[in-house]
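Rule-based calculations on the coordinates, nothing more; no lab input. Since this is a predicted model, take the numbers as computed values, not measurements. Backbone-built Cβ (ideal geometry, glycine too); neighbour counts: all protein chains shown.
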Amino acid sequence: MSAIYILWLRELKRYVRSRAQIVASLGQPLLYLLVLGFGLSPVFKRAGMGNYLQFVAPGVIGMSVLFSSIFSGLGLLWDRQFGFLKETLVAPVSRLQIMVGRTLGGATVAVIQGLLVTTISIFAGFRPAHFIAIPLALGFMVAIAIVFAALGVAIGSSLQDMQGFQLIMNFLVMPIYFLSGAMFPLAGLGPVLTFITRLDPLSYGIDGMRSMLLAQSAFDPRIDILVLACVGSVFIVFGAYRFSKIEI
């Protein structure tokens, strides 16, 4: 347990010390939140769907958590390139503990990122149905962060260099986000798109946050948390397996 705590603390310190990373990682969420939130709001209102900023804010928060958690796992590639990973793997600690520590550290960073975007969203005009709902939405942030931090570790353990990074972005991370219902309602979609969105684990995380923050949801919140728990367990096991196969 001490090894898990040390690795968790290391990831957290790395994030806190990198002020430039904190500022840069807020750029894309701000772009989606302000430009799309205010730009598409008149169209959304004319369609009878209400305030688009209200709708899109949980999706932007989910995007921030997704990207931060995935990239924390892909940070394994940087550690491998500069030799930090080798120093960690030769330590007298089981690889399972190392993987869990990195996953929890990456998930914690992602949740902090999500809370920062939540704060910015409130200043931009987003209003939860009840402010007491924010701690409940935090539970879904944690679930999303653990799911995709574990997936990031699995991917980072499988890639050998940074050349596959762009491929992961274009064919995995971006589709996961855009097919999650973060930018559009999940109701009334065609059968093919409905089926695809149901396969996306992020759909359940963002839907869960919307159900807590806005009392609007496409699924039962119990289904949301059950799916995230099951997918998270699978990704943790898969990530632990892939991490155990890393050669130094």
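For the stretch 196-243 and the stretch 59-88, what is the centre-to-centre distance using only Cα atoms, to the nearest Å?
For the stretch 196-243 versus the stretch 59-88, the Cα centre distance is 20 Å.
Hey, what did the chain get for relative contact order, percent, Cα under 8 Å, at least 6 apart?
Working: 335 pairs, mean separation 65.0, N = 248.
That works out to 26 percent.
Please give the FRET efficiency for Val43 paired with Val234, using the beta carbon to beta carbon distance and R0 = 35 Å, rounded to the nearest 0.05.
On the way: r = 38 Å, r/R0 = 1.09.
Calculated value: 0.35.
Label-point separation (nm) for Val90 and Asn170, each offset 7 Å from Cα along Cα-to-Cβ?
Label at Val90, label at Asn170, 3.8 nm between them.
Treating only the Cβ atoms of Lys and Arg (+1) and Asp and Glu (-1) as charged, compute the dipole magnitude of the chain about its Cα centre; round to the nearest 20 debye.
On the way: 17 positive and 9 negative charges, 66 e Å.
Once rounded to the nearest 20, the dipole reads 320 debye.
Taking the mean number of other Cβ atoms within 10 Å as a proxy for protection, how do you rank 180-187, 64-71 from highest to lowest?
Working: 180-187: 19.4, 64-71: 27.5.
Sorting 180-187, 64-71 by mean packing, highest first, produces 64-71, 180-187.
May I ask you to order 92-100, 232-240 by the average number of other C-beta atoms within 10 Å around their residues, highest value first?
On the way: 92-100: 17.0, 232-240: 18.8.
The most tightly packed comes first, giving 232-240, 92-100.
Using the Kirkwood radius over Cα pairs, work out the Stokes-Einstein diffusion coefficient for the chain at 25 °C and 0.890 mPa s, in µm²/s as a whole number.
On the way: Rh = 18.5 Å.
Reported coefficient: 133 µm²/s.
Could you tell me how many degrees, from 0 to 90 and to the nearest 10, lie between the Cα long axis of helix 52-82 and the main elongation axis, the longest principal axis, of the Cα atoms of the chain?
10
Between Asp220 and Lys245, how high is the FRET efficiency from 1/(1 + (r/R0)^6) when r is the Cβ-Cβ distance and R₀ = 45 Å? Nearest 0.05. Please report the intermediate quantities before stating the final value.
Details: r = 38 Å, r/R0 = 0.83.
Step by step, r from the Cβ atoms, then E = 0.75.
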